[in-house]
Structure formats: structure tokens, C-alpha cells
Amino acid sequence: MAFQLFGRSRSVTKRSPKYLDEALYKKLFKDGSSEMSVRQQLNQFLKSRKRVFKWEVDDTLKKLRDRNLYSPAIKLSEAMAKRGTNKTISDQAIHLDLIAKSRGIPAAETYFIDLPESSKNHLCYGALLNCYCKELMTDEAEALMEKMKELSLPLSSMPYNSLMTLYEKTGKPEKISAIVQEMKASSVMLDTFSYNIWMRAHAVVNDISGVERVIDEMKRDGRAVSDWTTYSNLASIYVNAGLFKKAETALKELEKKNSHKDLSAFQFLITLYGRTGNLLEVYRIWRSLRLAFPKTANVSYLNMIQVLVNLNDLPGAEKCFREWESWCSTYDIRIANTIIGAYAKEGLLDKALELQEHARRRGAKPNVKTWEIFFDYYLKNGDFKSAVDCVTNAISTGRGNGKKWIPSDEIVNTLMQNFEQEKDVDGAEGFVEILKKVVDTLEVEVFESLIRTYAAAGRTSQAMRRRLKMENVEVGEASEKLLESICVE
């Protein structure tokens, strides 16, 4: 195994037994890319006290960051520092970013403050600025940018891009044009990312001619070379504006720019052709993707099947699904959910349930999305008991990242209203108990609906007032009147 880095071949096979006998990143991803498996392999490596090259650590940190595995990344970074690895200023900037993503902004600020003054250059300032922008901390980001200017730090397009992304996310497109003018005035070259954000800023205010002026300026400038992302942005803008012919022209340019056969470019092409309603082009690009990537990833099948379902080509989606099933090594519930959702939408409940069971037998347990699909079906068809069961199952399943799934206010209100109409006190009480598993404090509307359900059913509850007091809930005047008839001795 050899790595080509900076024009030199770096080998991990011809080194002494003191060193790890395989590439560090291969060691960490030996059992997959889940955070738990990476953590386990990292702990084994650290306990072994085997050495690795610094460039190898840097390469591994990049791979961990690309996969959002920030906790293992920062543990590796800190362990290597304890072993005496000297951090460059670039390393410190990366470490600051890792701290922000794994421990929060205050910890990152503390790390920045504690850095030696010689390290506080444009790289570390830029890293902290990017952290503020990611967290949508506008005041802090703007103040830090001003500080960077006061210090006369060399500013590239990167900090400006971070600020423009912040303004895009916070709905301030007018500030993006101002940033662009500042960059020009300061002789800071706009890169492809800058032009893409600038285009979207015009698009969000429906200024299509402004978008086209930006793309024309980019071509005239010539320094920022447009890539496939430029035309995916342009095509998406045209699609959103309903300008499908212009969108397809932009998509043809996107194809020309995808000379390196980037998987993401293929997927954007499929998605955007799908949004124009051009099924023939969707299939043409899919064939090109399959030729470029014979071992087609699950995510590509997921994208293709979703597009076919959205275009109401259920037979085509089923065929693509069967093709994926025939070779997949990991059965992806997301792909099955797409077909399950299509069946449910068409009223084919038996086929949806059959596929859910089939997926379970293949090792893919239903996730929250599965239960949401069935919930929507049952609710639409008036089967409230089954709908409540779906909510219960979704709560029990939880989200894939370990977080709780909490039903929306709309779901809660819809089900509580049904209990009222059916005068179903026991059902309402059961549902309230289910909610308590994931919600610390129930909304007052839930209790008011429960009170109305008791009143409608002619049921009494001596403990209701005490219960409201314990929950620290104050109901409205109408509910107070109903309590007089409910809370009888």
C-alpha cells in the first residue's frame, strides 16, 4: 500500500514493527464507518502504542471529518499531540473546527484564546469565523470579520464565502451582493463557490436576469473556472422558476463539465431532469451512471427510485428496486420505504405491508419514516387505532442518531380531536401516556382536549384538578367550566 502525496510515494508496508502494519484509516474503518466501530478500532490502535506517520494522521483526520465522525477525529488529534506530534497552524485550525463540532462553540473559543499569538493568523481566525457562520451566530461572525480586517490579515474568498453562506441561511440575500462588491473593491478574487452563492441570492428574490448576469460575469472573468456545481445551481434555479427549457440547456452544460464522472453530478442530473418531467433523460443519465459505477451505491438507487416514484413511473421504480435487491449486500430500509410509500399513496396497503415484512426478513427493521408512511395512510383512511399504533411504534423506534422521535403538534392535535369526537376517554388517556415517553411537558392544548373528551363522554375524574396542578398547567376559561362537572365528589 502506497500513498501519493505532494508528488512522492509514501509506503506503509515497508516500515519497522514499531509502526502500524496497515494504513491508519484502513485500521479505523476495518469494521465499517459507524461511529461505534471506528471508536473501537481507534481505541485498539491507541492502546497498541504503534506509531504512524504524521501525514497518515492528517489523511485519516480528513476522512473522519468527511464522514462527520468528529468525536473520533478529535480523540485521534489530541492523542497524537500527547505523543509529541507538532501541530502546524493549519493543524490547529482544523483542531479548532473539530472542537466546535464535537464540544461546542464556547470550547472552541477557549482553544482559540489559549493559542500562542503566532498561531492566530488568517487560518485560525478563518476557522473560528466558519464555526460562527455554521451556527448562524451573525453578530459574532461579523465582529470577528471586522477584527480580521483590523489586523490586516490576508483575506481570501473563504471567509467571505462563510459570511455569504450565513446570510443565505438567515434569509438576508441583499447582504450577499454587498459582500461581493466588497470583495471586488478589496481585489479578492471570487471563486466558483462565491459565484454560486451570488447566483442563488438573485434567485431567492426571483431575479432571473440577475442570475444570468452573474453567470455571464463569471464567464468573462475567466479566473474562476465554472464546474458542474455552477450548472447544477443554474439548472435548479431555472426549474424552481418553471423555465424547463433553460434548465435542460444548463443540464447539458452540467454533463459537459462532468468529465471526471463525479457521482454527485450524475445524481443531480437525475434529480433535476426528474423535476423537469423528462423521464427519457432520467433513464439515459441512469444508464451513464451505471456504466461509470458498475458497483452502484445504495444512495444512487435511492435517488433514482425516488425520482421514478415522483414521476409516477411505479413499474420502472419496482424494476429498479428488484435490480438493487438482487445484489445488495446491505438492505437499506430507506430504499424499501420509497416503494412502500408509493404503494401506500396508490392505496395498495397489502403490498406495502408485504414489502415491510420482506424488508424485515432481509434484516432492515422499520424506521421512523416507515411508521410515518403507514400513519399517513391510516389517517387518510380514517383508521385512527392503527394510526395511534404507528405513533407508538415510531416513538419506540426513535431516530437513527439515537435521538427521540417526537410527533408534531399537528399529529397530536389530530388524534386528540378524534378521541373527542369518539368520546374515547381510555384511548385519549393511553395516547397521553405514550406522549409522556418522549415529551417532558405536555402542551396545555392536550389537557384541554382531554378535559373535553371526559365531558363529551360524561366521565368524571376527581383527580383531574390535582393532576393539572402537578403538571403546572393552567387551562382556559372554557375548560375550567367543564372541570366543574368532571371533578365531582
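The values are calculated or read from the model by the stated rules, or taken from the named source; none is laboratory data. Computed from a predicted model, the values in this text were never measured in an experiment. As a convention, Cβ positions derive from the backbone with ideal geometry for all residues, glycine included, and neighbour counts pool all protein chains shown. Surface areas here come from the heavy atoms of the whole protein model, side chains and all, with no ligands, DNA or RNA. Shrake-Rupley method; radii C 1.70, N 1.55, O 1.52, S 1.80 Å.
List of remarks:
- In this structure, the residue pairs whose Cα-Cα separation is over 32 Å, taken from 120/257; 149/172; 319/380, are 120/257.
- Where region 325-476 is the region considered: accessible area per residue in Å², 1.4 Å probe: 56
- Partners for residue 63 among aspartates and glutamates (Cα-Cα distance below 20 Å; same-chain residues under 8 apart left out): 21, 22, 31, 35, 78, 91, 97, 262
- 222 nm mean residue ellipticity, helices alone, for the chain (DSSP H n ≥ 4; -39,500 (n - 2.57); rounded to 500): -22000 deg cm²/dmol
- Rounded, prolate or oblate (a/c below 1.5 giving rounded, otherwise prolate when a/b exceeds b/c) for region 48-97 by Cα gyration tensor: oblate
- Candidate cross-link partners of residue 469 among the lysines, defined by an alpha-carbon separation under 21 Å and a same-chain spacing of 8 or more, comprise 436, 437, 481.
- For the residue pairs 101/147; 169/256; 75/365; 30/351; 295/345, the C-alpha atoms sit more than 28 angstrom apart in 169/256; 75/365; 30/351; 295/345.
- Burial order of peptide ranges 287-295, 54-62 (average beta-carbon count within 10 Å, highest first): 54-62, 287-295
- Per residue, the convex hull spanned by the Cα atoms of region 206-310 amounts to 95 cubic angstrom.
- On Cα atoms only, tilt of 263-276 relative to the major axis of the chain in degrees: 50
- For region 245-366, convex hull of alpha carbons as volume per residue, Å³: 94
- Rg/Rh, computed from the Cα trace of the chain with Rh as the Kirkwood radius, has the value 1.03.
- Computed from Cα positions, the angle between helix 105-114 and the longest principal axis of the chain comes to roughly 30 degrees.
- Unit charges on C-beta of K, R, D, E only; dipole of the chain, Debye: 3080
- Highest mean packing comes first when the peptides 64-75, 332-343 are listed by Cβ atoms within 10 Å, giving 332-343, 64-75.
- Residues in region 28-33 carry Karplus couplings, in order, of 5, 9, 4, 9, x, 10 Hz; the curve used is 6.51 cos²θ - 1.76 cosθ + 1.60 with θ = phi - 60°, and Gly or Pro positions show x.
- Check: region 409-488 dipole with +1 on Lys, Arg Cβ and -1 on Asp, Glu Cβ, in debye: 400
- Protein heavy-atom accessible surface, 1.4 Å probe, per residue over region 39-198: 49 Å².
- 5 angstrom amide H check on residue 19, placed H, neighbours 5+ away: 51
- Placing unit charges on the Cβ atoms of the charged side chains and taking the dipole of region 409-488 about its Cα centre, the candidate lying farthest along the positive direction among 478, 454, 418 is 454.
- Sulfur and carbon atoms: percent of accessible area, the chain [1.4 Å]: 50
- Region 252-389, dipole about Cα centre (Lys/Arg Cβ +1, Asp/Glu Cβ -1), debye to the nearest 20: 480
- Per-bin percent of Cα-Cα distances, region 409-488 [10 Å]: 19, 58, 23, 0
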